[in-house]
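See structure below.
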Amino acid sequence: MKAKEIRDLDAGAMGQKLVDYRKELFNLRFQHATAQLENTQRIKAVRRTIARIETIIQEKTGA
């Protein structure tokens, strides 16, 4: 997801996306450990998306 797309979401939707991406990251790591993952770049992309969401949440809360 792009940062602009994330900023357009409300707080509840951002939280849900964060949970979804963390579950996906867990599944990707599991597949990688069992040598079933074909696209290893997806791990990097999901980690960056998680970081984007967390950053935008921080910006909106003012912390």
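The values are calculated or read from the model by the stated rules, or taken from the named source; none is laboratory data. Computed from a predicted structure; not experimentally measured. Ideal geometry is used to build each Cβ from the backbone, glycine not excepted, and the neighbour counts take in all protein chains shown. Note: areas computed on protein heavy atoms with side chains; ligands, DNA, RNA excluded. Shrake-Rupley method; radii C 1.70, N 1.55, O 1.52, S 1.80 Å.
Tabulated data
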{"read-out": "Accessible area in square angstrom per residue, the chain, 1.4 angstrom probe", "value": "75 Å²"}
{"read-out": "Of Q16, Q58, V46, farthest towards positive along the dipole that unit charges on Lys, Arg, Asp, Glu beta carbons give the chain", "value": "V46"}
{"read-out": "All aspartates and glutamates inside 16 Å of K23 as judged from Cα atoms, apart from same-chain residues fewer than 8 positions distant", "value": "E54"}
{"read-out": "Dipole magnitude of the chain about its Cα centre (Cβ charges: Lys, Arg +1; Asp, Glu -1), debye to nearest 20", "value": "180 debye"}
{"read-out": "Q31 paired with A51, simple spin-label distance in nm, labels 7 Å along Cα-to-beta-carbon", "value": "2.2 nm"}
{"read-out": "Dimensions in Å of the chain - Rg and Dmax from alpha carbons", "value": "13.0, 41"}
{"read-out": "Rough spin-label spacing in nm, given labels placed 7 Å along Cα→Cβ, for T40 and T61", "value": "3.4 nm"}
{"read-out": "All lysines inside 23 Å of K60 as judged from Cα atoms, apart from same-chain residues fewer than 8 positions distant", "value": "K2, K4, K17"}
{"read-out": "Surface share of carbon and sulfur [accessible, 1.4 angstrom probe, percent] for the chain", "value": "51 percent"}
